[in-house]
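Worksheet for the structure shown next.
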Amino acid sequence: MDKYKDYIVQGKKIEIIIRTPSGPLRFFSTLEEINSENIVTTRPQNKHINFNYPLNQEIELYAYTDGGIYKLKCKMLTLTQKEARFTLPHSVERIQRREFIRVDIKTKINLRLHQKGSVRIIQATTRNISAKGANMLLDEDISSYSQVEASLIFAEENIKTLAQVIKAIPVKIDNRIYYDTSLMFITINEKGMNFIVKKCFEFETAQRRKKLEEQEER
């Protein structure tokens, strides 16, 4: 079980997930130290929600490393304005990166943008998606909005989640400026994540089948 220590080192990104009846809440921090007694991270952050979790209750930490994604089940010991301290994990699970595969699926996405009591709605089309986020080209930079609600529109289901803007980079296409925008899904529930993973694998399977058929025709 201690093999995770070969990959989870100081400075690695840590995602902390809190399960609630309305879906998981996601917070982000950075690993500061793993010693013989506990794990220390920076204080978990979420742009929209203050981190406040009972001490000595189980919590899930996800560490993104070169060796894969490790899910650590720990208990939180202390919380200060600067850091959080957890027990060493009583359970470690290595999650394959393919579970969070990203593919070039194009689907409609509606964005509700909140700012100072007002709400705007814009529509776009994804360029690629994963269970954790989506990328699209937008006409404007939406990173300044205080809250972003995303609705992914599929024929079978609509998936709603709060989202965090990870990047909004201006790009010039046909003499026009667009914003290469990536979102991270914050409150997507397990059902929604499983649905997207399923769609991604179906898309990849269809793409492989298409390539085989093209090769057979030659």
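The values are calculated or read from the model by the stated rules, or taken from the named source; none is laboratory data. Bear in mind the structure is a predicted one, so any value in this text is a computation, not a measurement. Please note: Cβ atoms are built from the backbone with ideal geometry, for glycine as well, and neighbour counts cover all protein chains shown. We work out accessible area using only protein heavy atoms, side chains counted, and drop any ligands, DNA or RNA first. Shrake-Rupley method; radii C 1.70, N 1.55, O 1.52, S 1.80 Å.
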Exercise for the section: Treat each spin label as a single point 7 Å out from the Cα along the C-beta direction, and report the Q57 to E204 distance in nm. Expected result: 3.5
Handout entry: Accessible area of segment 94-218 belonging to carbon and sulfur atoms, whole % at 1.4 Å probe
Key = 46
Practice task
Between T42 and K82, with labels modelled 7 Å along Cα→Cβ, what's the label distance in nm to one decimal, could you check?
Solution key: 1.3
Practice task
For K13, list the aspartates and glutamates whose Cα falls under 13 Å from its own Cα; do not include residues on the same chain fewer than 8 positions away.
Solution key: E32, E33, D66
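Run the numbers for N110 and I122: contour at 0.36 nm per residue of separation, minus the present Cα-Cα distance, in nm. Working shown, then result.
Values: separation 12, 0.36 × 12 = 4.32 nm, distance 0.59 nm.
Roughly 3.7 nm would be gained on extension.
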Fill in the blank from the handout: Taking Cα atoms, the helix 190-217 axis meets the longest principal axis of the chain at an angle in degrees (rounded to 10) of 50
Handout entry: Alpha-carbon spread of the chain, three principal axes, descending order, Å
Key = 59, 53, 35
Exercise for the section: Return one quarter of the surface area of the convex hull spanned by the alpha-carbon atoms of segment 30-76, equal to its mean projected area, in nm². Expected result: 4.1
Practice task
Output the pairs from K71/K160; K47/K108; K47/K191; K73/K116; K132/K211 with a Cα-Cα distance over 30 Å in this structure; if there are none, say none.
Solution key: K73/K116
Completion exercise
With no solvent term and unit scatterers on the alpha-carbon positions of segment 58-138, Debye gives log₁₀ I(q)/I(0) at q = 0.11, 0.17, 0.18 Å⁻¹ of -0.55, -0.87, -0.88
Problem - Relative contact order computed over segment 63-215 (Cα-Cα under 8 Å; 6+ residues apart), in percent - result: 18
